[in-house]
Amino acid sequence: MAEIRSVGVVGAGQMGSGIAQLAAVNGVDVWLHDTDAEVLGRAQTSISKNIQRQVSKGSISQDNGADAIRRLKFTTKLSDFHSVDLVIEAIVESEDVKKGVFAQLEKIVKSSTILASNTSSISITRLATATSRPGQVIGMHFMNPPPIMKLVEIIRGADTSDQTYDAVRCLAERWGKTVIFSNDYPGFIVNRILMPMINEAFHTLHTGVATKEDIDTGMKLGTGHPMGPLELADFIGLDVCLSILKVLHAGLGDNRYAPCPLLVQYVDAGRLGRKRGIGVYNYSTGPKEIKP
Ligand code: NAI
């Protein structure tokens, strides 16, 4: 099995930029792509700040930090991915948009390139149908923020090969992650369990059972969660939570996954969470930002 030495990351939002940082710090050459040049510029600034912070905390050496920054390249052209060994797609949680990107990648990358998706919930088997290499398509679901969180959930589609699975699992382990494996069902393991809890927290707020602060404090101090469910939803992005719940609802056909109307309303209002400065909480006064 050839070692993965270069990675192309599609989407420079919160997950894509964190994955690019993680890969570069672990000695891999990285192309980070986004169609939005402004997002790409912001990602470049925040990744280099985060790497400098890792150096000043002593978690990586000065040389390692400088190497990582040299390894990172930023582009608005997907065609720059022509020689990467692995692509990790981390764009908007929409099956159609992701399939469009997979179909484009198919025409650009080498025949040996593995195509991974960081999707939170969408079927890997269906994403693979946008390509002619279903054996080389896999789910590689990082947690937020990718440089810090220890878990990677790996999902095999119906036709994912053993070779692809082994290559991706070894890479995640080399990057210091613990791997769990999920079969290809909506939401896989983590979001199938997490999203109904977040949805229930919205119902609890919506029906006036309690305040947002008491819901979050209850779950933090009552069950030992590091963040309350509403705070966590803001951190993930309310638009991302809504998209995942829609996939769970459609795919599992059970009304308990139907998104709470309050969550839908917040997303309609553009209250997407920390990334927009307002979600359930207002971040001019609310919980502090978590820095990777
Ligand atoms: P985000 O909204 O922060 O970033 C998405 C980025 O993709 C944006 O910068 C956008 O400009 C870019 N984009 C959209 N269409 C594109 C295209 N066709 N080509 C290139 N770039 C494109 O979203 P986030 O939170 O980073 O989520 C990305 C993916 O990661 C989603 O599939 C989500 O479900 C998954 N995920 C999210 C987690 C979270 O906590 N937010 C955790 C784990 C997975």
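The values are calculated or read from the model by the stated rules, or taken from the named source; none is laboratory data. Nothing here was measured: the structure is a model prediction, and the numbers come from that model. All Cβ positions, even for glycine, are placed from backbone atoms using ideal geometry, and neighbour counts span all protein chains on display.
Before moving on, here are some points about what is shown:
- Filter result for ILE154 (out of contact with any Leu (no Cβ under 7 Å at 6 or more places or on another chain) and modelled with pLDDT of 95 or more): yes
- Pairs where the first residue, in segment 236-253, is assigned by TED's automatic domain parsing to the domain that holds ILE124 and the second is more than 11 Å from the ligand (Cβ to nearest atom), C-beta under 8 Å, 6+ apart: none
- For segment 139-173, residues that are more than 16 Å from the ligand (Cβ to nearest atom), hydrophobic (A, V, I, L, M, F, W, C) and in contact (Cβ under 8 Å) with a residue 60 or more places away in the chain total 3.
- Flag if ASP234 is out of contact with any Asp or Glu (no Cβ under 9 Å at 6 or more places or on another chain) and not hydrophobic (A, V, I, L, M, F, W, C): yes
- Remark: PRO134 falls outside the filter, which requires a residue to be under 11 Å from the mean Cα position of the chain (by Cα) and either outside the structural domain of LEU252 (by TED's automatic domain parsing) or buried (at least 23 other Cβ atoms within 10 Å of the Cβ) (or both).
- Among residues of segment 1-50 being free of Cβ contacts under 8 Å to residues at least 60 places away in the same chain, in a helix (DSSP H, G or I) and in contact with a Leu (Cβ under 9 Å, 6 or more places away or on another chain), the one that is surrounded by the most Cβ atoms within 10 Å (Cβ to Cβ) is ALA20.
Matching residues to (1) in contact with a strand residue (DSSP E or B) (Cβ under 7 Å, 6 or more places away or on another chain); (2) surrounded by 19 or more Cβ atoms within 10 Å (Cβ to Cβ):
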{"residue": "ASN64", "(1), (2)": "no, no"}
{"residue": "LYS73", "(1), (2)": "yes, no"}
{"residue": "GLU89", "(1), (2)": "yes, yes"}
{"residue": "GLU93", "(1), (2)": "no, yes"}
{"residue": "VAL97", "(1), (2)": "no, no"}
{"residue": "PHE102", "(1), (2)": "yes, yes"}
{"residue": "LYS107", "(1), (2)": "no, no"}
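- When we screen ARG126, ARG133 for residues that are more than 10 Å from the ligand (Cβ to nearest atom) and within 22 Å of TYR257 (Cα to Cα), the only hit is ARG126.
- Any hit, segment 237-244, residues being in contact with a Phe, Trp or Tyr (Cβ under 9 Å, 6 or more places away or on another chain) and more than 15 Å from the ligand (Cβ to nearest atom): no
- Here GLU106 qualifies as more than 25 Å from LEU242 (Cα to Cα), within 15 Å of the ligand (Cβ to nearest atom) and acidic (Asp, Glu).
- Going through (1) more than 16 Å from the chain's Cα centre (by Cα); (2) within 28 Å of ASP234 (Cα to Cα) one by one, PHE102 falls short only on (2).
- Every residue from segment 180-204 that is surrounded by fewer than 16 Cβ atoms within 10 Å (Cβ to Cβ) and under 30 Å from ILE60 (Cα atoms): ILE180, PHE181
- Condition check for THR164: part of a loop (DSSP other than H, G, I, E, B), surrounded by 18 or more Cβ atoms within 10 Å (Cβ to Cβ) and not assigned by TED's automatic domain parsing to the domain that holds LEU263: no
- Looking at segment 176-292, the helices (runs of 4 or more DSSP H) lying wholly inside it that each contain 1 or more residues that are closer than 19 Å to GLU93 by Cα and polar (S, T, N, Q) sit at 190-206, 238-252, 261-268.
- Residue count for segment 148-157, restricted to those that are surrounded by 14 or more Cβ atoms within 10 Å (Cβ to Cβ) and either in contact with an Asp or Glu (Cβ under 7 Å, 6 or more places away or on another chain) or not β-branched (Val, Ile, Thr) (or both): 6
Per-residue answers, yes or no, for (1) in contact (Cβ under 8 Å) with a residue 40 or more places away in the chain; (2) within 11 Å of the ligand (Cβ to nearest atom); (3) more than 30 Å from VAL190 (Cα to Cα):
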site: ARG53; (1), (2), (3): yes, no, no
site: SER56; (1), (2), (3): no, no, yes
site: PHE74; (1), (2), (3): yes, no, yes
site: ASP80; (1), (2), (3): yes, no, yes
site: VAL97; (1), (2), (3): no, yes, no
site: SER111; (1), (2), (3): no, no, yes
